Structures are given as C-alpha cells and as structure tokens.
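Accompanying notes for the structure given below.
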Amino acid sequence: MRGPAGLSSEIFLETDRLLLRRFTEDDVENLVELDGDPEVMRFINGGRPTPRREIESDFLPAFLDYYERFAGYGFWAAIEKSTSQFVGWFHLRPAKDAPPGEVELGYRLRKPAWGKGYAAEGSRALIDRGFTDFGVQRVVASTMVVNVASRRVMEKAGLKFVRIFHQDWPDKIEGDEEGDAEYALLRSEWERRAD
C-alpha cells in the first residue's frame with residue numbers, strides 16, 4: 001500500500017526528521033542512484049558504482065528477504081520527512097557468526113544528506129529499538145579506520161571503540177592497510193546512559 005509522496009504505509013520507525021520504512025520493489029531507482037555515487041561507494045569498494053542488475057537480482061531481493069527471515073530486523077529505507085525524499089538506508093541485523101543477541105548496525109546515505117546528523121539520528125533510533133523491543137544484548141558496527149566521518153557517526157550514536165582488525169576484502173581501497181575499526185554498545189551501557 002502506498003501513501004503520500006510514494007511512501008510505503010509500513011513505517012518501521014520515526015525520528016524527528018526521518019521515517020524508516022521497509023524497502024519495496026519500487027526502490028530500485030533509489031538504490032541505483034545511491035550506489036551510483038563514487039563518493040558514497042568510496043569506502044565500500046573504492047568508488048565503483050553497483051550495476052543495476054546486481055541491485056535488481058541480488059541486493060534488493062536480499063533486503064526484502066530479511067523481513068521474512070528475521071522479524072524486526074533488516075534494511076530500512078530512510079526518508080527525509082520535510083521533503084519525502086529517499087536519503088539512504090540503515091540496517092540492524094543479526095551479525096554474521098555472532099552469538100545470539102548481537103546485532104550489526106549499518107548505514108549508507110546519499111551525499112546531500114551528509115553532515116546533517118541523519119546517520120547518527122537513525123542509528124540511535126535503531127539501537128534504542130533493538131534494546132527496547134528485540135532483547136538485543138550488544139550492537140556492533142565497523143568501518144575502515146580511515147573513514148573518519150563514519151567513525152564519528154558511531155560515536156555520536158553511543159557506540160564505543162573496541163578494536164582495530166584486519167580482514168580480506170575483494171576490492172583494494174585506499175587506506176585499507178590501516179584496517180577496520182569496530183565499535184559496540186552493550187545493553188548494560190545503554191541502560192546506564194538511558195537513566
């Protein structure tokens with residue numbers, strides 16, 4: 001069901017300035033535009049746009065599949081309330097090979113949305129939702145050490161630096177020799193902060 005300005009009526013979460021809603025098949029263009037910006041993709045694959053066919057056959061179907069496999073978790077289209085424009089996405093999902101109760105936070109925003117505090121705002125809302133409604137025990141997030149802006153978002157969202165680690169990536173990205181930074185927030189830390 002569609003709402004005003006093409007918004008899905010299935011809103012997952014609302015913040016002061018954003019609506020986070022489920023992705024639909026109608027979001028192909030939004031994702032093509034987002035992943036087509038070399039600056040957005042810089043710390044993901046070195047700046048190479050994601051081909052439309054991959055978005056249509058791999059990425060969007062995977063996003064939609066999360067809603068069926070993991071109740072309450074997945075990828076959420078972020079809509080700017082003041083303009084009804086797609087500004088990017090957030091995800092909160094079970095972390096790969098992680099213990100029960102540990103989830104991974106992620107985000108990817110269009111360049112015009114950078115520097116407005118949207119990434120931290122959406123991240124905080126998802127973290128709060130995970131701890132309040134889904135029994136999450138630990139939220140983790142990671143980014144390249146050299147991605148200073150993303151690291152700041154994690155800190156503003158309440159996550160704390162845990163470690164630097166190195167892993168193999170399929171793409172060579174400038175700065176990857178410095179590794180990745182992991183951030184995390186425990187339920188007990190979140191509860192103390194909420195008091």
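The values are calculated or read from the model by the stated rules, or taken from the named source; none is laboratory data. Treat the numbers as computed from the prediction; the structure is a model and nothing was measured. A quick note on method: Cβ atoms are made from the backbone with ideal geometry, for glycine too, and the neighbour counts reach across all protein chains shown. SASA here: full protein model, heavy atoms, side chains in, ligands and nucleic acids out. Shrake-Rupley method; radii C 1.70, N 1.55, O 1.52, S 1.80 Å.
Annotations
- First in the stretch 55-73 and over 13 Å from Leu31 (Cα atoms) and touching a residue at least 40 places away in the same chain (Cβ under 8 Å), second anywhere and of a type in the set (A, V, I, L, M) and surrounded by 14 or more Cβ atoms within 10 Å (Cβ to Cβ), Cβ under 9 Å, 6 or more apart: Gly72/Leu92; Tyr73/Leu92; Tyr73/Val103
- Restricting Val28, Val40, Val32 to those that are out of contact with any Leu (no Cβ under 8 Å at 6 or more places or on another chain), under 21 Å from Pro112 (Cβ atoms), open to solvent by less than 50 Å² (accessible area, probe 1.4 Å) and at pLDDT 90 or above reduces the list to Val32.
- Test: residue in the stretch 158-175 that is under 25 Å from Thr50 (Cβ atoms), at pLDDT 95 or above and not in a loop (DSSP other than H, G, I, E, B): no
- Residues located in the stretch 135-157, provided they are more than 12 Å from the chain's Cα centre (by Cα), closer than 24 Å to Thr83 by Cβ and not small (Gly, Ala, Ser): Lys156
- Scan the stretch 106-146 for residues that are within 12 Å of Ala78 (Cβ to Cβ) and either modelled with pLDDT under 95 or among the basic types (Lys, Arg) (or both) and the total you get is 3.
- The lone exception for Thr50 - which of (1) touching a helix residue (DSSP H, G or I) at 6+ places or on another chain (Cβ under 6 Å); (2) open to solvent by less than 20 Å² (accessible area, probe 1.4 Å); (3) in a helix (DSSP H, G or I); (4) over 23 Å from Ala184 (Cβ atoms) it fails: (3)
- Residue check for Lys172: over 17 Å from the mean Cα position of the chain (by Cα), touching a residue at least 12 places away in the same chain (Cβ under 8 Å) and under 22 Å from Pro38 (Cβ atoms): yes
- Among residues that are of a type in the set (Phe, Trp, Tyr), assigned to a helix (DSSP H, G or I) and surrounded by 12 or more Cβ atoms within 10 Å (Cβ to Cβ), Trp190 is included.
- Taking first residues from the stretch 132-143 that are farther than 15 Å from Arg192 by Cβ and partners that are in a helix (DSSP H, G or I) and open to solvent by 40 Å² or more (accessible area, probe 1.4 Å), the Cβ contacts under 8 Å between residues at least 6 apart in sequence or on separate chains come to Val136/Arg187; Thr143/Phe43; Thr143/Arg151.
- Total residues in the stretch 97-134, condition under 15 Å from the mean Cα position of the chain (by Cα), closer than 23 Å to Ala71 by Cα and either of a type in the set (Phe, Trp, Tyr) or not in a helix (DSSP H, G or I) (or both): 6
- When Phe134, Phe75 are checked against the criterion of being out of contact with any Pro (no Cβ under 8 Å at 6 or more places or on another chain), of a type outside the set (A, V, I, L, M), more than 16 Å from Tyr183 (Cα to Cα) and crowded, with 22+ Cβ neighbours inside 10 Å, Phe75 stands alone in meeting it.
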